[in-house]
Structures are given as structure tokens and as C-alpha cells.
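K.L.:
Below you'll find the structure I mean.
The values are calculated or read from the model by the stated rules, or taken from the named source; none is laboratory data. Keep in mind the model is a prediction, meaning the values are calculated, not measured. Neighbour counts run over all protein chains shown; Cβ positions are idealised from the backbone, glycine included.
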There are 2 protein chains.
Amino acid sequence: MGATKTEHFTGNQNAIAMLTKALGHPARIAIMEYLMSVDTCICGDIVNELPLAQPTVSQHLRELKNAGLIKGNIEGNTICYCVDEKSIEKLITYFTKITTKLKSKSCC
Amino acid sequence: MGATKTEHFTGNQNAIAMLTKALGHPARIAIMEYLMSVDTCICGDIVNELPLAQPTVSQHLRELKNAGLIKGNIEGNTICYCVDEKSIEKLITYFTKITTKLKSKSCC
DNA sequence: AATATTTATCGTAATATTGCAATATAATAA
DNA sequence: TTATTATATTGCAATATTACGATAAATATT
């Protein structure tokens, strides 16, 4: 044991969990915030913004990319990163649906 | 190493990461969905809804509770669980702020 | 009181994550 | 060509997570 039993859950449940899991680390939240703190793509420069070693940042970037939360374009010597809006929209839609249901509840 | 370096990040970054991390497992997403699938608190009955052993479900419930995503009231023999709306609101507010910023971007 | 029911905790094995030094890769600059 | 710069990959140690059997704790039922 030790591995998540994804096969017992729906595709949507696994998809949402994949997104939230990728966001479930302060460094990755910090990366997302940094990517959105300017009006353009960020080319290079991400490693210097974080209090972590370069291989660690690279690993976090890969996880965000695998989850579909960010996109990365090779631009010569550096890589330009930016947020993939679709994934964030998906999360907002999901959570909004949740709270819409909650409004009609009266409990606890 | 192996432990997250929370001390290097802001309180808000850690707070959001704590919520998303707690949601980062399909079983916990399934629990949240189940809790919201009815109009009242769910007293007992959560274990039977999931394809996991009782101690495992109990562990997932504790994680959701520690993160502040659900509330649990002891009701005699059973425990009544429901979603803590405030935590979900916090996430929606956060992600909405993110997309508002993204709208003004033109990149990638 | 004895038993059943519900949930939590303990202990532990399997697996995953986090972090970084060392090294590799690839493009640019000298 | 030989640095230099930017990012990725490898390997590994420390730690965390996932899952569950066994057991405990607490209330309910008989």
C-alpha cells in the first residue's frame, strides 16, 4: 500500500484532485503568484525569485506543468512560463458549483 | 530533507497551500462532494460511501478537518460532518483574484 | 452488565514527496 | 572552440502520505 487508489474514483474527481494536489505546496503557490504578478510571460528568472535550490524549483515547475497549470515555451536560452487559464477556470467552476449548492443548506 | 520549507513563504501562501493540499486526493474530493450532495449534515454513513477501509476514511476526514474544510459534531453514537463554507469561499476568492489579473494579460 | 455499533488511534508496510549536490544538456557569448 | 548561462535530470537522504489490520474508546442497544 501507500499509493493512492485512483481507480476507485471518477475521472473528474481524479482530475480535480490532480490540480489541487499540484497547488498543494507553498512554493508552487508562490510560483503561480509570481507568474501572475506581471502582465507578460516570465522568461527565466523564476529560480531567483524562490528561496529554494535550482533543481528543486525545476521539479516544482515540472509538477505544475504536468498538472496543466502552467505552460512553458522554450525561448532560446531560457524558458518562458505562464499560467494556463483553462485549469484555473476549471477549479473556479468546480468550487463555485459547490458553494451554489451550499447556499441552500441549513446545518451545523 | 524531505520536509516542506514553510518558513520561507508567506502566511497566505502557506494557508492556501494547506487547503489545496488537503483537497489533493480523490478520496477527499469524493468526501467533499458527498457532503454537499444532500441538504443536511451527514451523520455517520461516510465510510460506506467510499471504496476504502474505515481507518483510511477516518484519516482522510481528520485531514479535511485539520485544514478547516469540514466541521464535525459528535451526535451521540455517530459524528455529523459538513463542509465549512468559509474555507471554500477563501479558495474561490483567491482563484478569482488570480483570473481577474489574467484577463488583462496577452501572452503565450 | 453484556453486546453491538461507530469512530479514532496505533503500528507498520508500501509508496510518494521534498530538497539538494552533482552532473548533464542546450543555447548563447566570448 | 571554449566559456558562460539557463534549465533539466540523476541519485539519494529525510520526511510525509496512503492504506489497512488490530485494537481502543465511547455511546447505544439488548
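K.L.:
Pairs under 7 Å by beta carbon, first residue over 20 Å from A:N14 (Cα atoms) in segment B:23-48, partner part of a loop (DSSP other than H, G, I, E, B) and of a type in the set (S, T, N, Q), six or more apart or different chains?
P.N.:
B:D39/A:S104
K.L.:
Quick check: anything in segment B:78-86 near DNA strand D (Cβ under 10 Å from one of its atoms) and out of contact with any Ser or Thr (no Cβ under 9 Å at 6 or more places or on another chain)?
P.N.:
Yes, that holds for at least one residue.
K.L.:
Take A:K90 and decide whether it is at pLDDT below 95 and either part of a loop (DSSP other than H, G, I, E, B) or farther than 30 Å from B:Y81 by Cα (or both).
P.N.:
Working: at pLDDT below 95: yes; either part of a loop (DSSP other than H, G, I, E, B) or farther than 30 Å from B:Y81 by Cα (or both): no.
Answer is no for this residue.
K.L.:
In segment B:1-31, how many residues are assigned to a helix (DSSP H, G or I), away from DNA strand D (no atom under 14 Å from the Cβ) and closer than 23 Å to B:I92 by Cα?
P.N.:
5
K.L.:
Considering only segment A:28-51, state which residues are more than 7 Å from chain B (Cβ to nearest Cβ) and within 12 Å of DNA strand C (Cβ to nearest atom).
P.N.:
Answer for segment A:28-51, where residues must be more than 7 Å from chain B (Cβ to nearest Cβ) and within 12 Å of DNA strand C (Cβ to nearest atom): A:R28, A:I31, A:C43, A:G44, A:V47, A:L50.
K.L.:
Moving on to the next point. Right, B:T20: crowded, with 17+ Cβ neighbours inside 10 Å and either near DNA strand C (Cβ under 10 Å from one of its atoms) or closer than 17 Å to A:T96 by Cα (or both) or not?
P.N.:
Considered against the rule, which asks whether it is crowded, with 17+ Cβ neighbours inside 10 Å and either near DNA strand C (Cβ under 10 Å from one of its atoms) or closer than 17 Å to A:T96 by Cα (or both), B:T20 comes out as yes.
K.L.:
Next question. Could you list, in sequence order, the residues of segment A:66-98 that are within 13 Å of DNA strand C (Cβ to nearest atom), within 24 Å of B:T4 (Cα to Cα) and more than 12 Å from chain B (Cβ to nearest Cβ)?
P.N.:
Of everything in segment A:66-98, just one residue is within 13 Å of DNA strand C (Cβ to nearest atom), within 24 Å of B:T4 (Cα to Cα) and more than 12 Å from chain B (Cβ to nearest Cβ), namely A:N66.
K.L.:
Right, here's the next one. Which ones in segment B:6-17 are within 14 Å of DNA strand C (Cβ to nearest atom) and either within 14 Å of the chain's Cα centre (by Cα) or within 7 Å of another protein chain (Cβ to nearest Cβ) (or both)?
P.N.:
Result: B:T6, B:H8, B:F9, B:Q13, B:N14, B:I16, B:A17.
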